[in-house]
Ligand SMILES: [Cu+2]
């Protein structure tokens, strides 16, 4: 009788150990993919990366030109420099389809850090949710030129800040991010403000979608002749439950 009890107990303990170790085995899958880009296009034939929710993803980019990679939805950006690898790592926590796009500078490849019109050079907000604020103070030594900005999420709407010493002196100006009545079109209200150097511009997002205030015109209306930015879809990420 005693022997049987001991054997049963032993089996019982084994079962517990076994089931515990099974739970421990569930490690998130690691997905590693290399993406090579040539002249702004994926050159190794990749179109879609299929993932399962909670996969740990590691994308390794290489490019022959300087290029900015943007994973929409997750809103991750990487700058890829020529002949250097750039790693984008994230956990696929949100299901859905997300485009990975690029901002490819088709010019001579040189930097224009002092060019106020370049994408995001003067300012770039984080993703603004409903009722979020973003502010930018116009530097005191700026005068007599316009700053164009846009919503980087949709690249459709632009606004203008006209700076002049002759403008009426105000400390702050507020711009609401709203929609045109009866449409989904994003508008800046007002879309043109006249300020003087040193004025603080405050944007308030009144929309239930993500908005990102970025200086410079969106790529499609770039003012640079013979030198324009283009946003191209490189590939897509699909995350399944
Ligand atoms: Cu943009």
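The values are calculated or read from the model by the stated rules, or taken from the named source; none is laboratory data. What you see is a predicted model, and the numbers here were worked out from it, not measured in a lab. Don't worry about glycine lacking a Cβ; one is built from the backbone with ideal geometry, like all the others, and counts go over all protein chains shown.
The figures follow:
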quantity: Matching residues in segment 190-221 - criterion: being surrounded by fewer than 18 Cβ atoms within 10 Å (Cβ to Cβ), closer than 14 Å to residue 149 by Cβ and more than 16 Å from the ligand (Cβ to nearest atom); calculated: 190, 191, 192, 202
quantity: Residue in segment 113-128 that is part of a loop (DSSP other than H, G, I, E, B), over 30 Å from residue 236 (Cβ atoms), modelled with pLDDT of 90 or more and in the same structural domain as residue 203 (by TED's automatic domain parsing) present; calculated: no
quantity: Neighbours by Cβ (under 9 Å, 6+ apart or cross-chain): first from segment 45-59, in the same structural domain as residue 92 (by TED's automatic domain parsing) and on the phi > 0 side of the Ramachandran plot; second part of a loop (DSSP other than H, G, I, E, B) and surrounded by 14 or more Cβ atoms within 10 Å (Cβ to Cβ); calculated: 54/92
quantity: Single unsatisfied condition, residue 198 versus (1) farther than 26 Å from residue 232 by Cα; (2) under 26 Å from the mean Cα position of the chain (by Cα); calculated: (2)
quantity: Boolean, residue 136 is more than 19 Å from residue 101 (Cβ to Cβ), within 15 Å of the ligand (Cβ to nearest atom) and either surrounded by 14 or more Cβ atoms within 10 Å (Cβ to Cβ) or at pLDDT 90 or above (or both); calculated: no
quantity: Filtered residues of segment 222-241 (kept if in a strand (DSSP E or B), modelled with pLDDT under 55 and either within 19 Å of residue 88 (Cβ to Cβ) or more than 10 Å from the ligand (Cβ to nearest atom) (or both)); calculated: none
